[in-house]
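**Q** One structure follows; several queries about it will come next.
The values are calculated or read from the model by the stated rules, or taken from the named source; none is laboratory data. Small disclaimer: the values here were computed from a predicted structure and weren't measured. Cβ: placed from backbone, ideal geometry, glycine included. Neighbour counts: every protein chain shown. Ligands, DNA and RNA are stripped out before the accessible areas are found, and what is left, the full protein with its side chains, is counted by its heavy atoms. Shrake-Rupley method; radii C 1.70, N 1.55, O 1.52, S 1.80 Å.
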Amino acid sequence: MRLQKETMSDIIIRKAAAKDVPKIAEIEKASIPQPWSEAAFADALTQENAVTLVAEADGEIAGFITGVFLFDNADIYSVATSEQHRKKGIGGKLLTGFFEALPSEVEAVGLEVRESNSAAISLYEKHGFERVGLRKNFYEQPRENAVLYTKQFSK
Ligand SMILES: CC(C)(COP(=O)(O)OP(=O)(O)OC[C@H]1O[C@@H](n2cnc3c(N)ncnc32)[C@H](O)[C@@H]1OP(=O)(O)O)[C@@H](O)C(=O)NCCC(=O)NCCS
């Protein structure tokens, strides 16, 4: 693991702990239509191949990112910041923290995103993700296509 505690303008990116789960689930629930349960986030914290990080702003959990890695690939399952902390660079710091937390053999990170989610798409493209495909009607509530993105780490 290459993750170092990062402190920049009152934002700390650190590994999530069990005590953070209720706030993580609250942010997720307020952010996306089909949120994970608290139990699902708690379970992710026990998985050796999962990475869940939180962003702390002035001691408050302002966002999180969670994903998994296997051999040379990783996937981001969810990233969100609380509404009052958006557009302050926290989403970007969470992505960077996620990349740094991955084992060095990981060569690419993938994710899928709702086609209409222009904020997230802009965030991902800004951080080097490239559109690689489309899954028609992948999401429900509302039904919508998923766009697939991959970021390749240069060797
Ligand atoms: C997507 C999300 C995580 C971005 O978090 P954030 O902390 O606001 O992101 P940042 O401040 O680091 O923004 C970085 C870049 O993302 C893009 N971005 C963020 N919010 C945006 C918005 N509302 N509209 C357009 N672009 C946006 C911009 O490119 C921005 O760069 P800029 O500030 O130089 O313009 C946040 O909007 C969110 O939690 N959304 C709801 C949950 C969600 O949709 N998650 C993704 C599921 S796949």
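**Q** Give the relative contact order (percent, whole number) for the chain; include only Cα pairs under 8 Å separated by 6+ residues.
**A** Value for the chain: 20 percent.
**Q** Give me the number: length gained by fully extending Asn137 to Asp72, i.e. 0.36 nm times residue separation minus the C-alpha to C-alpha distance, one decimal in nm.
**A** Net length gain for the segment: 20.6 nm.
**Q** When ligands, DNA and RNA are left out and all protein chains stay put, how many square angstrom of accessible area per residue does the chain have with a 1.4 Å probe?
**A** 56 Å²
**Q** Along region 97-105, what does the Karplus equation 6.51 cos²θ - 1.76 cosθ + 1.60 (θ = phi - 60°) give for ³J(HN,Hα), rounded to whole Hz, x for Gly and Pro?
**A** Calculated HN-Hα couplings, in order: x, 4, 4, 5, 7, 7, x, 5, 6 Hz.
**Q** Moving on. Sum -39500 (n - 2.57) across every DSSP H segment of at least 4 residues in the chain, then divide by the residue count to get the 222 nm mean residue ellipticity, nearest 500.
**A** Computed ellipticity for the chain at 222 nm equals -8000 deg cm²/dmol.
**Q** With a sphere of radius 13 Å drawn around the Cβ of Ile32, what net charge do the other residues whose Cβ falls strictly inside it have (Lys, Arg +1; Asp, Glu -1)?
**A** Neighbourhood net charge equals -4.
**Q** If you place +1 on the Cβ of every Lys and Arg and -1 on the Cβ of every Asp and Glu, how big does the dipole about the Cα centre of region 63-107 come out, in debye to the nearest 20?
**A** Dipole magnitude for region 63-107 comes out near 460 debye.
**Q** When the Debye formula is applied to the Cα atoms of region 6-152, each taken as the same point scatterer, what base-10 log of I(q)/I(0) results at q = 0.18 Å⁻¹?
**A** -1.11
**Q** Taking the Cα of Thr46, stepping 7 Å toward and past its beta carbon, and measuring to each backbone N in region 19-34: which are under 11 Å?
**A** From region 19-34, the list is empty.
**Q** Let me ask something else. Order the peptides 39-47, 107-115 from the highest to the lowest mean number of other Cβ atoms within 10 Å of their residues.
**A** Averaged packing, sorted descending, gives the order 107-115, 39-47.
**Q** Once neighbouring chains are kept in place and the probe is 1.4 Å, which whole percent of the accessible area of the chain is contributed by carbon and sulfur?
**A** About 48 percent, which is the carbon plus sulfur part of the accessible surface.
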